[in-house]
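Working notes, beginning with the structure itself.
Just so it is clear, none of the values below were taken in a lab; they were calculated from the coordinates. Predicted model only: the values in this text are computed from it and were never measured. Virtual Cβ from ideal backbone geometry, glycine too; neighbours counted across all protein chains shown.
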Amino acid sequence: MEVFLQVLVNGLMLGGLFAIIGIGLTLIFGIVKVINFAHGEFLMVGMYAAFLLTTALDVHPYTTAIAVIPLLFVFGMLTQRFLIQPLMNARDDHIQIFVTVGLSTALINLALLVFGAEFATTPPSGLRTALEIGPVRVLVGQLVVFGAATLLVVGLTLYLNNTQFGRAIRAVAQNRAAARLMGINVNWVYIVTFGLGAACVGLAASLIAPLYPTSQTIGTYFVLIAFVVVVLGGMGSITGAFLGAMVIGLIDSFSAYYIGSDLREVAVFTVFLLILILRPQGLFGGRQTLSHVS
Amino acid sequence: MTDQTLTPVQSPPSIRLRGLVALVTVLAAMLLLPVAIGDEFIYHIFITMCIFAALSTAWNIVGGYAGQLSLGHAIFYGIGSYVGVMLVGMGISPWIGMFAGAALAALVAVAISYPCFRLHGPFFTLATIAFLEVFRVLALHFRDVTGGATGMMIPLNIGWEWMVFRERLPSLIIAFGMLLVILAIAWWIRTNRLGFQLIATRERESAAKAAGINTVRVKLYAVAISAALSAMVGTFHAMYLTFIEPASAFSLPFSIQIAMFALIGGIGTVFGPLLGAVLLVPITEFARGALGGEAIGLHGFVYGVVLVLVALFMPNGVMGLVSRFFDRTKAEAPGQAGAIAKLPAQPEPDDIPGPPKAVPEPGDEIVRVVGLDKHFGGLHVTNNVSFKLREGEILGLIGPNGAGKTTVFNMISGFLKPDGGEVSVRAADGGWRSPVTPADYAAIGVGRTFQIVQPFAAMTVEENIMVGAFHRHHSTDDARHAARQTAERMGLARYLDAEANSLTIGGLKRLEVARVMAMEPRVLLLDEVMAGINHADVLRAIDLMLSIRDTGVSIIAIEHVMQAVMALSDHVIVLNSGRIIAEGKPNEVVRDPDVIEAYLGKEFTHDA
């Protein structure tokens with residue numbers, strides 16, 4: 001029973017981690033309708049930034065968020081403006097996929113050039129200390145990630161529902177042309193949204209850096225799972241992504257314990273395929289129109 | 001007809017010949033250059049080039065023709081490698097093993113793709129990446145059979161039987177031979193029925209369905225063929241490398257590279273992937289040799305940047321540049337523009353067609369619609385709609401905007417599932433059937449057009465019509481012949497080689513009808529084919545519809561052009577807010593107070 005509880009809690013903590021990465025991805029997908037295959041590399045860039053700042057300035061890793069979040073925000077805005085926006089009207093979405101894949105490849109190898117193949121270990125600053133809560137143990141840093149993910153979901157939802165710009169974002173997501181007719185600067189909305197999505201990863205990077213050693217492949221590792229989380233939650237749904245992350249976190253944790261830790265990904269991706277067969281609109285998504293009939 | 005400005009694009013045989021000469025030159029060079037130079041490293045580069053060209057060409061069958069972007073094609077390559085090596089370990093020749101690998105890869109491809117192909121969206125791309133990871137993990141896990149992380153060496157049995165040689169030349173010959181076979185298959189697909197159906201599916205899935213294509217099935221064929229071919233290359237490559245391991249057999253960068261060569265050469269073209277590999281592989285290999293360990297990551301970084309730049313500035317690849325160059329030379333050829341051929345037996349423009357002469361008596365019922373119901377959320381779009389269509393009859397379906405006309409069409413062509421009610425169609429053999437999918441409807445002989453025209457943009461007018469003709473014909477020649485006849489009849493003969501996109505709206509509406517006519521339907525559903533075209537065109541269209549009807553086809557037409565409705569219809573149904581509010585002879589229906597109220601409002605009903 002204690003083992004079961006521990007595996008359960010591990011799963012939820014892992015879910016928090018997937019959530020904080022998946023939220024930005026689902027935001028970008030939901031609004032800009034672009035799958036950002038470089039999302040994981042945004043995380044990697046943020047983690048390297050957090051590592052450099054922490055070691056150079058000798059500050060607490062969390063402090064770096066002050067710089068990493070704006071950095072990623074601008075990085076995301078630039079990506080949208082110069083790489084995605086020119087292709088928004090492309091006849092098919094392949095070409096957008098290629099651009100983000102190219103960006104991802106370039107960033108991974110740039111990291112390899114700059115940092116080499118060594119791991120960059122951000123000082124944990126006590127965040128890898130285990131807390132004993134009743135029968136289970138969790139790391140301080142994991143709890144913070146979980147809390148931050150929850151706050152991020154609540155904050156983004158409030159922002160999208162209650163501010164003028166948030167409404168503009170949702171309007172653009174519903175119908176680009178109609179939003180433009182209502183006087184919304186659609187391109188600017190896309191740029192800001194992409195920036196916001198990237199900023200979410202910036203926050204994630206500062207929180208994850210002290211928990212995981214940074215390498216150029218860290219992004220690939222997390223983003224594959226984040227894709228599954230986003231599909232499971234219903235693409236574009238922020239709350240869905242959070243709940244989806246919990247489900248995937250639990251599947252990951254339980255399959256690692258009961259099947260074998262090297263087969264976790266097989267379990268997660270099999271679930272992904274099952275979702276596509278059984279509930280393509282996602283476990284928590286609304287109705288999705290599957291037919292495109294004029 | 002207002003589309004005189006259009007320039008039909010012909011492709012003179014001289015250009016085709018030049019293309020063929022270029023292709024043969026490139027292929028000959030790939031085989032002869034290394035033999036002439038005789039250097040080991042050059043051999044290696046050319047073998048690698050053949051392998052990448054073969055893989056990219058195979059990728060292109062699903063990534064280009066079917067438009068399903070795979071970023072995990074190494075799954076199939078890796079399966080081929082592993083199956084080949086394992087079977088060699090049991091003493092089975094890779095020439096046999098490659099087919100076992102191909103069969104397994106095709107199975108895996110279908111299993112992964114089927115859930116994705118039913119959906120719209122980026123699911124296939126995500127699934128291929130995800131399963132690439134799954135297979136890598138599985139290869140690591142089952143170390144008893146796969147050797148785990150350390151990989152597997154192949155036993156060094158030298159000879160053709162084992163695909164392992166001391167010299168490089170035999171390997172080059174095998175790689176080159178595989179490339180030729182795969183190119184031939186890719187070319188054959190592109191020029192035959194399957195290729196037309198794949199490209200139609202990629203361009204407009206709903207129009208492809210209306211043309212009777214089982215879009216999921218053709219995409220599955222494409223992925224299965226592509227996977228099988230990739231696996232066979234994988235088997236050979238494993239023999240050539242003599243060693244395999246999970247990280248390189250199931251590698252994401254490798255998969256991206258395969259797709260990237262196709263993009264750079266020209267996605268969806270037959271020879272683009274070949275061109276991409278020929279241009280890039282030597283640069284890559286030399287760069288790898290020259291930079292080596294000095295700047296680890298540099299060559300990947302350059303790859304990524306090139307990928308971004310090509311996507312931004314050269315999305316059609318090198319083939320796109322080449323064809324743009326040829327288009328310019330073609331555009332200079334004088335005397336190609338001209339007026340559209342007149343329709344056979346067309347009336348003079350001011351000759352208003354009278355009531356149809358010598359109407360054949362409508363025959364037996366061919367479509368029965370009973371109690372159709374459909375809700376969109378809280379909106380009751382069609383409410384208990386029932387009607388019958390007789391053989392050789394033209395049934396006019398009219399009603400104000402939002403009455404539910406197109407929804408009825410979507411339900412009687414399989415594009416929407418009704419919440420209640422039933423549609424039955426009498427098959428050619430006289431039995432009654434209840435078709436479900438668009439493909440069922442097409443198979444039983446119900447063809448439809450779309451209110452918003454849906455041309456296959458990347459195809460010529462002729463190819464568009466051929467997609468319809470392939471519904472009845474299997475050979476390309478027959479389909480082409482049928483398409484030309486239909487084009488003649490529809491007044492599109494001058495534009496056969498024009499890009500569908502370059503037609504005016506009147507031309508596109510005719511193309512829409514031509515495509516469905518080429519399917520030789522028994523029941524024709526026409527959704528506002530006369531909207532937005534000029535008076536003269538309306539008169540021609542009326543004449544055309546009558547001539548179609550005279551060949552025994554039954555027609556249901558949604559139409560707002562009242563002149564056409566009155567002149568054509570044997571029977572009219574008026575739909576308002578999802579209900580049938582009136583039906584009967586055209587003259588009676590337009591006097592019906594309910595109909596006038598629905599169109600104009602209550603105050604006009606008294607004057608009727």
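Relative to the longest principal axis of the Cα atoms of chain B, the long axis of helix B:535-550 makes an angle of roughly 90 degrees. Within a straight-line Cα-Cα reach of under 14 Å, residue B:417 can be paired with the following aspartates and glutamates, leaving aside sequence neighbours fewer than 8 residues apart in one chain: B:373, B:440.
For the residue pairs A:33/B:405; B:374/B:405; B:209/B:509; B:209/B:374, the alpha carbons lie more than 23 Å apart in A:33/B:405.
Using Cα pairs closer than 8 Å and at least 6 residues apart in sequence, work out the relative contact order for chain B, in percent.
Details: 1114 pairs, mean separation 104.4, N = 608.
Across chain B, relative contact order equals 17 percent.
Scalar couplings 3J(HN,Hα) for region A:143-155, obtained by applying the Karplus form with A = 6.51, B = -1.76, C = 1.60 to θ = phi - 60°, are 4, 5, 4, 4, x, 5, 4, 4, 4, 4, 4, 4, x Hz; x denotes Gly and Pro. Semi-axes of the equivalent ellipsoid of the protein assembly as shown are 52, 37, 25 Å, computed as sqrt(5λ) over the eigenvalues of the C-alpha gyration tensor in descending order. The sum of -39500 (n - 2.57) across all DSSP H runs of n ≥ 4, divided by the residue count of chain B, sets its helix-only mean residue ellipticity at 222 nm to -17500 deg cm²/dmol. Label point of residue A:117 set 7 angstrom out along Cα-Cβ; within region B:239-281, amide nitrogens under 18 Å from it belong to B:244-254. Projecting the Cα positions of B:237, B:262, B:273 onto the charge dipole of chain B (unit charges on Cβ atoms of Lys, Arg, Asp and Glu, taken about the Cα centre) puts B:237 furthest along the positive direction. Roughly what % of DSSP beta bridges within the protein assembly as shown run antiparallel, to the nearest 5? Approximately 65 percent, going by the DSSP bridge assignments.
Taking only alpha carbon atoms, chain B gives an Rg to Rh ratio of 1.07, where Rh is the Kirkwood radius. Between the helical axis of B:317-331 and the longest alpha-carbon principal axis of chain B there is an angle of about 50 degrees. Relative to the longest principal axis of the Cα atoms of chain A, helix A:65-79 runs at roughly 30 degrees.
Taking 7 Å steps out from each Cα toward its Cβ at residue B:365 and residue A:154 produces label points 6.3 nm apart. Projecting label points 7 angstrom from Cα along Cα→Cβ for residue B:550 and residue A:78 puts them 7.0 nm apart.
What is the extension gain from residue B:160 to residue B:17, computed as 0.36 nm multiplied by their sequence separation minus the C-alpha to C-alpha distance, in nm to one decimal? All intermediate terms of the calculation are to be shown ahead of the outcome.
On the way: separation 143, 0.36 × 143 = 51.48 nm, distance 3.63 nm.
Stretched out fully, the residue B:160 to residue B:17 stretch lengthens by 47.9 nm.
Taking every DSSP bridge with both residues inside region B:471-608, close to 50 percent are antiparallel.
Given R0 = 41 Å, the distance between the Cβ atoms of residue B:111 and residue B:599 translates into a calculated FRET efficiency of 0.15. Averaged over the residues of B:114-127, the number of partner chain Cβ atoms lying within 10 Å of the residue Cβ comes to 6.
The magnitude of the dipole of chain B, with charges of +1 and -1 set on the Cβ of Lys/Arg and Asp/Glu and taken from the Cα centre, is near 1040 debye.
Among the residues of B:298-305, the average count of other protein chain beta-carbon atoms within 10 Å of the residue beta-carbon is 6. P(r) for region A:20-151, from all Cα pairs and a bin width of 10 Å, is 10, 34, 32, 18, 5, 1 %, short bins first.
If you take the square roots of the eigenvalues of the alpha-carbon gyration tensor of region B:3-117 and sort them as a ≥ b ≥ c, do you get rounded (a/c under 1.5), prolate (a/b over b/c) or oblate? Oblate, since a/c reaches 1.5 and b/c is not below a/b. DSSP beta bridges confined to region B:365-607 are antiparallel in about 55 percent of cases.
Return the average number of partner chain Cβ atoms within 10 angstrom of each residue Cβ along peptide A:269-280. Walk me through the numbers on the way to the answer.
Numbers: counts 10, 3, 0, 7, 10, 1, 2, 11, 5, 1, 0, 7.
Mean partner-chain Cβ count within 10 Å for A:269-280: 5.
In this simple spin-label model, placing a label point 7 Å from the Cα along the Cα-to-Cβ direction at both residue B:577 and residue B:118 gives a separation of 3.7 nm.
Distance from the Cα centre of region B:141-215 to that of region A:130-188, in angstrom? Cα centres, region B:141-215 to region A:130-188: 44 Å. In chain A, excluding the sites themselves, the longest stretch lacking any of the trypsin sites (Lys or Arg not before Pro) that are in a DSSP loop with at most 16 other Cβ atoms within 10 Å is A:129-286.
The mean sequence distance of close C-alpha pairs (under 8 Å, at least 6 residues apart), as a share of the length of region B:365-607, puts its relative contact order at 25 percent. Shape of region B:99-138 from the C-alpha gyration tensor: oblate (a/c of 1.5 or more and a/b not above b/c, with a ≥ b ≥ c the square roots of its eigenvalues).
Structural descriptor for region B:18-327: relative contact order 32 percent, calculated from alpha carbon pairs under 8 angstrom and at least 6 residues apart.
Most exposed first by the Cβ proxy, i.e. fewest other Cβ within 10 Å, how do A:104, B:547, A:261, B:171 rank?
A:261, B:547, B:171, A:104
For residue B:149, neighbours were defined as the other residues whose beta-carbon sits under 11 Å from its Cβ, and their charges (Lys and Arg +1, Asp and Glu -1) total 0.
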